[in-house]
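**Student:** Could you have a look at this structure, given as structure tokens, before my questions?
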Amino acid sequence: MKYDYIIAGSGCAGLSLLYRILNDNDLHQKQILVIDKSQKNKNDRTWCFWEKGEGIFEEIVTHQWETLEFLSDDFQRQFAMENYRYKMIQGIDFYNFVLAIAKKRKNVTLLSETITNITSVDGKARVTTENAEYSATYVFNSTSLFYPKMDTKNSLLQHFEGWVIKTSTPVFDASVGRLMDFRLSQEHGATFMYVLPTSETEALVEYTLFTEKVLEKEQYKSALKAYIKDYLQIDDYEIKHTEFGVIPMSLAKFSRKVPDEKNIINLGTAGGFTKASSGYTFQFVQKHTEKIINLLKEGKHPNPKLTFRDKMFQWYDRTLLEVILSDKMQGKDIFATIFKNRDIETILAFLGNESSVWEDMKVMSCLPIMPFLTSGIKQLR
Ligand SMILES: Cc1cc2nc3c(=O)[nH]c(=O)nc-3n(C[C@H](O)[C@H](O)[C@H](O)COP(=O)(O)OP(=O)(O)OC[C@H]3O[C@@H](n4cnc5c(N)ncnc54)[C@H](O)[C@@H]3O)c2cc1C
């Protein structure tokens, strides 16, 4: 069978691209092979992101917030957003939604196999699995096969355990999402809680750290229990769902294309779309896959060029991560300074790579110059 595209890895990035292809008038009949080692039938993660207006996955958004909250030792602030909305999508809803559409299309083949290699042969991209070889004009890869080398010198781990809790009485305000609560011990590194209520009786509470190593399982559990009791003042609750995740926050160069392999395009985390300074990925995957569709429609090579602004945002990210990695300033103090001094629309535009240069200056001007200058110069090299 001749395939136009192979989608290697059908998680967030692979299925976002597939959904866009299947909804495009020019591309929806292409022959597509989707390979993943997993069946994608578990609710293994919850994606949160922000955007203006409605996105393409609007119908599977579980909840959205118009107000966000930031808390630190010396200040607490609620921000009513004007244009942005903070949104939540459950992993399982996303997988089911896209895969249900794909299963109805004759031109889409879904395979459950482990990929062992991806390479180019005679101008075609070739995927090798434990069972067979498949080739296509382009392979869109989001597996970890081409991850760069990461270690404690160039990377932090963002690791977290989240619990969806259900209370017997109404306790939450579902209109306010708690983005970061830094009123916690920072002994391991930047540490905060994230509380996203989806109703008066249900919320996702997530204990998140940016550190070199993950903790013992028990440490996440005791931190969550203590926070729910002492800060949320809830004694009576049931844990409906748990999730655990580790996201790389790295200075290592994740490449959008595999060097010397013209027909292999990296997506998602593999392509560097996990923001080094925050771990957010979902919204950057959406922008990238939209650009790929536009290039494919124009008959161009589907590797969107990095713009000057893309490079600037990468440099900001690397600088911020370097400041934290080299202990020049604590993550808690960086975020607290920004959230104390700037408005939410500017902050979200900046963190979402959507700000103007003027807004970049506004955010950066509230931070101390020296640590960022020295790290910034280092990251220019
Ligand atoms: C628990 C959790 C919560 C997160 N929450 C957020 C959030 O709120 N907001 C946000 O923006 N980001 C979040 N992230 C980060 C990021 O959005 C996700 O990790 C996202 O899933 C990355 O998309 P991806 O397509 O690159 O990788 P994945 O979604 O992990 O997809 C990669 C796919 O490749 C498959 N695969 C890997 N290796 C092979 C192989 N050798 N052969 C075959 N298949 C293979 C995997 O099975 C997987 O399906 C979260 C991550 C985790 C783990």
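**Student:** Determine, for Val108, Val34, the number of other Cβ atoms within 10 Å of each Cβ, and report the residues in order from fewest to most. Before the final figure, lay out each step's value.
**Tutor:** Values: Val108 21, Val34 25.
So the ranking, lowest neighbour count to highest, is Val108, Val34.
**Student:** Here is a further query. For Cα pairs less than 8 Å apart in space and 6+ apart in sequence, what is the mean separation divided by the residue count of the chain, i.e. the relative contact order in percent?
**Tutor:** Details: 723 pairs, mean separation 67.9, N = 381.
The value is 18 percent.
**Student:** Restricting attention to segment 175-241, which GluC sites (Glu not before Pro) occupy a DSSP loop and are surrounded by at most 11 other Cβ atoms within 10 Å?
**Tutor:** Passing both the DSSP loop test and the Cβ count: Glu187, Glu216.
**Student:** Which lysines have a Cα less than 22 Å from the Cα of Lys40, not counting those fewer than 8 places away in the same chain?
**Tutor:** List returned: Lys87, Lys103, Lys104, Lys106, Lys240.
**Student:** Rg and Dmax of the chain, Cα atoms, in Å?
**Tutor:** Cα-based Rg and Dmax for the chain come out at 21.2, 65 Å.
**Student:** Okay, moving on. Residue by residue, what Karplus-based ³J(HN,Hα) values in Hz, rounded to whole numbers, does segment 55-71 have, using 6.51, -1.76 and 1.60 with θ = phi - 60° and x for Gly and Pro?
**Tutor:** For segment 55-71, the Karplus-derived couplings read x, 6, 9, 3, 5, 10, 5, 6, 7, 9, 10, 9, 10, 10, 10, 10, 10 Hz, x marking Gly and Pro.
**Student:** Within the set of other residues whose C-beta is less than 11 Å from the C-beta of Leu348, count the net charge using Lys and Arg as +1 and Asp and Glu as -1.
**Tutor:** Working: positive: Lys52, Arg85, Arg342; negative: Glu51, Glu82, Asp343, Glu345, Glu354, Glu359.
Overall, the nearby charge balance is -3.
**Student:** Using each residue's phi in segment 256-272, evaluate 6.51 cos²θ - 1.76 cosθ + 1.60 at θ = phi - 60° and report the 3J(HN,Hα) Karplus result to the nearest Hz, with x for Gly and Pro.
**Tutor:** Residue by residue, segment 256-272 yields 6, 9, 7, x, 6, 10, 4, 9, 10, 10, 8, 10, x, 4, 4, x, x Hz.
**Student:** State whether segment 308-380 is rounded, prolate or oblate according to the following rule on the C-alpha gyration tensor (a ≥ b ≥ c being the square roots of its eigenvalues): a/c under 1.5 gives rounded; otherwise a/b larger than b/c gives prolate, and the remaining case gives oblate.
**Tutor:** On the way: a/c = 1.87, a/b = 1.15, b/c = 1.63.
Since a/c reaches 1.5 but b/c is at least a/b, the shape of segment 308-380 is classed as oblate.
**Student:** Quick one: grab the alpha carbon gyration tensor of segment 155-250, order the square roots of its eigenvalues as a ≥ b ≥ c, and give me rounded if a/c is under 1.5, else prolate or oblate depending on whether a/b is larger than b/c.
**Tutor:** prolate
**Student:** A follow-up question, please. How large is Rg/Rh for segment 127-197, to two decimals, with Cα atoms and a Kirkwood Rh?
**Tutor:** Working: Rg = 20.8 Å, Rh = 17.5 Å.
In segment 127-197, Rg relative to Rh is 1.19.
**Student:** Count neighbours as other Cβ atoms within 10 Å of each site's Cβ, and list the GluC sites (Glu not before Pro) in segment 277-381 that are DSSP loop with at most 12 such neighbours.
**Tutor:** Passing both the DSSP loop test and the Cβ count: Glu298.
**Student:** Also, quick follow-up: Which chymotrypsin sites (Phe, Trp or Tyr not before Pro) in segment 26-87 sit in a loop by DSSP (not H, G, I, E or B) and have at most 15 other Cβ atoms within 10 Å of their own Cβ?
**Tutor:** On the way: sites: Trp47, Phe49, Trp50, Phe57, Trp65, Phe70, Phe75, Phe79, Tyr84, Tyr86; in loops: Phe57, Phe75.
For chymotrypsin sites (Phe, Trp or Tyr not before Pro) across segment 26-87 that sit outside H, G, I, E and B with at most 15 neighbouring Cβ atoms in 10 Å, the list reads Phe75.
**Student:** Filter Lys37/Lys287; Lys124/Lys257; Lys221/Lys332; Lys30/Lys287; Lys287/Lys311 down to the pairs with a C-alpha to C-alpha distance above 18 Å, please.
**Tutor:** Details: Lys37/Lys287 26 Å; Lys124/Lys257 15 Å; Lys221/Lys332 21 Å; Lys30/Lys287 21 Å; Lys287/Lys311 15 Å.
From Lys37/Lys287; Lys124/Lys257; Lys221/Lys332; Lys30/Lys287; Lys287/Lys311, over 18 Å: Lys37/Lys287; Lys221/Lys332; Lys30/Lys287.
**Student:** Just from its helices, what would the mean residue ellipticity at 222 nm be for the chain, if runs of 4 or more DSSP H residues each count -39500 (n - 2.57) and the sum is divided by every residue, rounded to the nearest 500 deg cm²/dmol?
**Tutor:** On the way: 9 runs with 111 residues, N = 381.
When only DSSP H runs of four or more count, the value is -9000 deg cm²/dmol.
**Student:** Fewest to most neighbouring Cβ within 10 Å: what's the order for Ser135, Ser185, Ser356, Ser10? Please list the in-between numbers first.
**Tutor:** Working: Ser135 21, Ser185 7, Ser356 12, Ser10 27.
Ranking Ser135, Ser185, Ser356, Ser10 by Cβ neighbours within 10 Å, fewest first, gives Ser185, Ser356, Ser135, Ser10.
The numbers here are math on the coordinates, done by the rules we state, and not lab data. Please read these numbers as outputs of a predicted model, since none were measured by experiment. Quick reminder, even Gly has a Cβ in these numbers, built from the backbone with ideal geometry, and neighbours come from all protein chains shown.
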